[in-house]
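Written out below as structure tokens is the structure these notes cover.
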């Protein structure tokens with residue numbers, strides 16, 4: 001009996017410690033979940049987010065709410081899947097790697113593109129009556145996206161070698177990589193473009209993001225596409241007086257006019273000279289955990 005007591009009492013002493021430890025873990029997990037929910041609530045109250053959601057879902061409130069809840073449930077493990085896809089689907093890598101064999105996309109490239117497109121694009125599935133694509137989660141996690149400089153050749157202004165060299169030299173001065181500090185947006189504008197809505201977002205660091213929402217059937221959720229490029233200007237990047245010196249509406253108007261084949265480049269050139277020359281292009285290459 002004495003031996004039994006010696007073994008029994010230490011076990012009783014350990015039990016409260018285990019209970020306390022498990023309680024602390026539960027409290028920490030609950031706190032993390034509450035903070036995550038608060039971040040989502042704050043994000044969904046942003047004006048540009050509401051504008052995009054309303055344009056995409058129109059009057060389909062139930063589909064919208066189900067979609068939002070599905071996006072909240074995505075875990076950070078998804079980031080690794082995206083990074084794996086970007087090893088093949090990122091724009092710079094795709095430009096250097098043979099994309100087809102005997103006229104067909106390679107299996108790994110096709111799989112990577114499908115994974116990445118599921119992040120940047122969205123559409124309504126009428127059979128399941130659900131909205132597919134994880135673009136809302138992408139917008140929520142804008143501050144996790146990392147962009148790298150990716151020169152854009154302009155055949156109207158200079159030879160490719162000179163354009164690329166100038167672009168790289170400027171990017172080196174600004175930094176070869178760009179990462180947003182938050183999912184806040186300084187300015188945004190919605191433009192009509194045929195049967196589409198084109199949205200330009202100006203980040204607090206002076207970068208421009210582009211989104212296209214395409215009309216499909218009347219009163220049905222619309223297709224969504226997030227452009228994988230972002231642009232800035234030499235004198236716009238990290239400008240402390242961003243909202244005073246730059247108007248995203250003027251930028252969108254100039255861009256829209258220039259996209260026409262018969263457009264006069266003079267006005268565009270004059271606009272760009274205000275901000276240090278031609279725009280600098282960056283592209284998504286990774287997400288941070």
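The values are calculated or read from the model by the stated rules, or taken from the named source; none is laboratory data. Not measured: the values here are computed from a predicted model. Virtual Cβ from ideal backbone geometry, glycine too; neighbours counted across all protein chains shown.
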So which residues in the stretch 73-92 are in contact (Cβ under 8 Å) with a residue 60 or more places away in the chain and part of a helix (DSSP H, G or I), if there are any at all? 79, 80, 82, 83, 86, 91, 92
The residue that is farthest from the chain's Cα centre (by Cα), considering only those in the stretch 127-143 that are outside any helix (DSSP H, G or I) and in contact (Cβ under 8 Å) with a residue 40 or more places away in the chain, is 129
Helices (runs of 4 or more DSSP H) lying entirely in the stretch 209-289 (those with 3 or more residues that are under 28 Å from residue 117 (Cα atoms)): 248-258
Against the definition (surrounded by 17 or more Cβ atoms within 10 Å (Cβ to Cβ) and either at pLDDT 95 or above or out of contact with any helix residue (DSSP H, G or I) (no Cβ under 7 Å at 6 or more places or on another chain) (or both)), how does residue 119 come out, yes or no? yes
How many residues does the stretch 207-221 hold that are touching a helix residue (DSSP H, G or I) at 6+ places or on another chain (Cβ under 7 Å) and at pLDDT below 95? 1
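Conditions (1) exposed (fewer than 15 other Cβ atoms within 10 Å of the Cβ); (2) modelled with pLDDT of 90 or more, marked per residue:
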site: 106; (1), (2): yes, no
site: 114; (1), (2): yes, yes
site: 129; (1), (2): yes, yes
site: 141; (1), (2): no, yes
site: 171; (1), (2): no, no
Go through the residues of the stretch 56-69 one by one and say whether even a single one is modelled with pLDDT under 95 and within 23 Å of residue 227 (Cβ to Cβ). yes
Mind checking which residues of the stretch 183-195 are more than 15 Å from residue 253 (Cα to Cα) and modelled with pLDDT under 95? 195
